[in-house]
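The values are calculated or read from the model by the stated rules, or taken from the named source; none is laboratory data. Not measured: the values here are computed from a predicted model. Here the Cβ is made from the backbone with ideal geometry for all residues, glycine too, and neighbour counts use every protein chain on show. Note: accessible area is taken over every heavy atom of the protein model, side chains too, but ligands, DNA and RNA are not part of it. Shrake-Rupley method; radii C 1.70, N 1.55, O 1.52, S 1.80 Å.
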Amino acid sequence: MSVVSQAAQSHAQSHNTRQLGINPNHWYVVALSREVKTQPVGVRLWKQAIALYRDTKGQVHALEDRCPHRLVKLSHGQVIGDELECAYHGWRFNNQGECAAVPYLAENQKLPSCKIRRYPVKEQDGFIWLFPGDVETLHATSLQPMGVPEWEHLNYIATVSIINCNAHYSYLIENLMDMYHGHLHQDYQAWTQASLQDIDEDTHRVDAHYTAQSYYKIDKIWSISQLFFPALRRLHPEPLDVSYVYPHWISTLGKDFKIYCLLCPVNERQTKAYLIHFTSLNAFWRLHKLPVWFRRFVKDSLFGAAQKLLDGLVRQDVQMIEEEQQAYLENHQRRGYELNRALVSVQRLMRSQVEPHPHKATLYIPSP
């Protein structure tokens, strides 16, 4: 293939990627469990407004965030018993999306037969997971949320950073899969000298295997202080694996760190995500012999220990991602150059999940 035809194919490929929707037949994360309390919460998942609320038993429900009466947001209202009440006229809806009460209904009137959409939702591992796709497909395939098993595990310390970026979700995924961009994070660097070794891919995931030099090694009880004091860090080689498990992302750096990015794409120009960083305590075998209540106390006390590091990484990444999106909007005819072959696989997976007949991806890699 000539350089010209390669460039043309690369441009078309990139242009299409930035226009992609999502495959709705997956579980997406729309909120932290702690974000949904006694009052309804409005969220957005790929152009769909959704109201989350808890009933009297604490169970989470998800309804279309639109009262069928005057089409205002139900999330402006309140929960009465097990029903969601609209703030405008007081119409109430049960967890099936059916109108359950109208306060000014006359004796000779029947309840409106209007019904709003109900979404399958699960509360698991500290997050609210929602399925926006076809319910029959969900039942037929028994699809389950990817899950975050380290969330409750006593050997892992969690830190959460919420990502809000004005960009298509593909930019965020490509950023997460491209470990060469560690050059950006000079002040918050967790690794350096990344080198892509191998790529595995199938119809549902892409695994990119890097080697890198890690700045952290959690092997002594005091070594967690490396998160706070950069002078204590020492470079050492570690495997660095990143995986796009559609629609989410997972990374492991050696045995000490694991990171999840749980996606909630809002629209073509806006993406929300939850980045969860786990520091492993598996090396501390003496700690594992202590009472469970004490280990839980340690885990809870250290929650957010890496907040400054994680927020710093997010802030720098979001700036770059939003600049990429803006450059595309200003001149989508102009193409960039890509040397990381893992992103070829990532773009191919994105398109195959959305398009019924995906075409093979090829990024333009100029000759040396």
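The table for this structure:
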| item | result |
| --- | --- |
| Restricting the stretch 183-214 to residues that are closer than 15 Å to Pro239 by Cβ and at pLDDT below 80, the residue that is surrounded by the most Cβ atoms within 10 Å (Cβ to Cβ) | Ala190 |
| For Tyr337: the one exception among (1) part of a helix (DSSP H, G or I); (2) loosely packed, with under 12 Cβ neighbours inside 10 Å; (3) not small (Gly, Ala, Ser) | (1) |
| Index of the failed condition, Lys258 passing every other in (1) open to solvent by 10 Å² or more (accessible area, probe 1.4 Å); (2) over 25 Å from His26 (Cα atoms); (3) under 18 Å from the mean Cα position of the chain (by Cα); (4) of a type outside the set (S, T, N, Q) | (2) |
| Pairs with Cβ under 7 Å, 6+ apart, first in the stretch 60-78 and touching a residue at least 12 places away in the same chain (Cβ under 8 Å), second crowded, with 19+ Cβ neighbours inside 10 Å and among the hydroxyl-bearing types (Ser, Thr, Tyr) | His61/Tyr53; Ala62/Tyr119; Asp65/Ser75 |
| Condition check for Asp311: open to solvent by 70 Å² or more (accessible area, probe 1.4 Å), at pLDDT 90 or above and not in a loop (DSSP other than H, G, I, E, B) | no |
| Qualifying positions in the stretch 142-173 - open to solvent by 20 Å² or more (accessible area, probe 1.4 Å) and either without any contact (Cβ under 8 Å) to a residue 12 or more places away in the chain or under 18 Å from Leu275 (Cβ atoms) (or both) | Ser142, Met146, Pro149, Trp151, His153, Tyr156, Ile162, Asn164, Asn166 |
| Leading residue by the ranking (modelled with the lowest pLDDT) among those in the stretch 332-360 that are out of contact with any strand residue (DSSP E or B) (no Cβ under 8 Å at 6 or more places or on another chain) and aliphatic (A, V, I, L, M) | Leu339 |
